[in-house]
Amino acid sequence: MKIMVMDGQGGGVGRSLVEEIHERYPDAELIAVGTNATATSNMMRGGTVVGATGENAVIYNSSRVDVIVGPIGIVIANAMLGEITPRMAEAVGSSEAKILLIPMSRCNAKVVGVAEKKLGDYIKEAVEKIAGQD
């Protein structure tokens, strides 16, 4: 299984995802894709040795993985203080991969019906759903 973890800004959410995924699915191929070098570097410290940065990395890898995981902003153009380009959002949103999004209030997008939880709880739930059918 090939899993792309995508994040921007400091990469903290992505790093937490990488750590949980690495622990739960040690045989999965993890690719850390950051919108900037800091995010990519931070995610790679979480347990993956493969990382890429920038718009082209997002576009290229989105069509070559089985699962994409990251904060909800990865599918919203101009989210994360403008780090998510329209082409990035389109690539992720158009991917045939399973897409698992972590709700974040910083993106000015609220998902109605989603219970308020701690970030760590959302991350654990997303990691569980990687292998699930839903």
Margin query: How much length would be gained if the chain were fully extended between K110 and A52, taking 0.36 nm per residue of separation minus their Cα-Cα distance, in nm to one decimal?
Written below: 18.0 nm
Next item on the list: Would you please put 91-102, 120-131, 7-18 in order of how densely packed they are, using the mean number of other Cβ atoms within 10 angstrom per residue and starting with the highest?
Entry: 7-18, 91-102, 120-131
Note to self: Checking the table K2/K98; K98/K118; K2/K118; K2/K110 against a 21 Å threshold on Cα-Cα, which pairs fail?
What the structure shows: K98/K118; K2/K118; K2/K110
Next item on the list: Using a cut-off of 10 Å between beta-carbons, work out the net charge of the residues near A28 (Lys and Arg +1, Asp and Glu -1, A28 not included).
Entry: -1
Item checked: Candidates V49, V114, V33: whichever shows maximal mean-square fluctuation once the chain is modelled as a Gaussian network with Cα springs under 10 Å -> V114
Next item on the list: Taking H placed 1.01 Å from N in the peptide plane, check which residues at least 5 places from G51 or on another chain put their amide H under 5 Å from its amide H.
Entry: A32
Checklist line | Normalised contact order of the chain, rounded percent, pairs of Cα under 8 Å and 6 or more residues apart | finding: 24 percent
Check: Using the Karplus equation 6.51 cos²θ - 1.76 cosθ + 1.60 (θ = phi - 60°), what ³J(HN,Hα) coupling, rounded to whole Hz, does each residue of the range 3-13 give in order, writing x for Gly and Pro?
Finding: 10, 9, 9, 10, 7, x, 6, x, x, x, 5
Notebook entry, point to check: In the range 1-118, what is the volume of the convex hull around the alpha carbon atoms, normalised per residue and reported in Å³?
Noted result: 96 Å³
Margin query: Can you list residues from other chains, or at least 5 along the same chain, whose modelled amide H is less than 5 Å from the amide H of I99?
Written below: I68
Notebook entry, point to check: Residue-wise, which Karplus ³J(HN,Hα) couplings in Hz belong to the range 15-26, taking 6.51 cos²θ - 1.76 cosθ + 1.60, θ = phi - 60°, and x for glycine or proline?
Noted result: 5, 4, 4, 4, 4, 5, 5, 4, 5, 7, 10, x
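FYI, it's all coordinate maths here, none of it is from the lab. Quick caveat: nothing in here was measured; it's all calculated off a predicted structure. Heads up, the Cβs are rebuilt from the backbone with ideal geometry, glycines too, and the neighbour counts pull from every protein chain shown.
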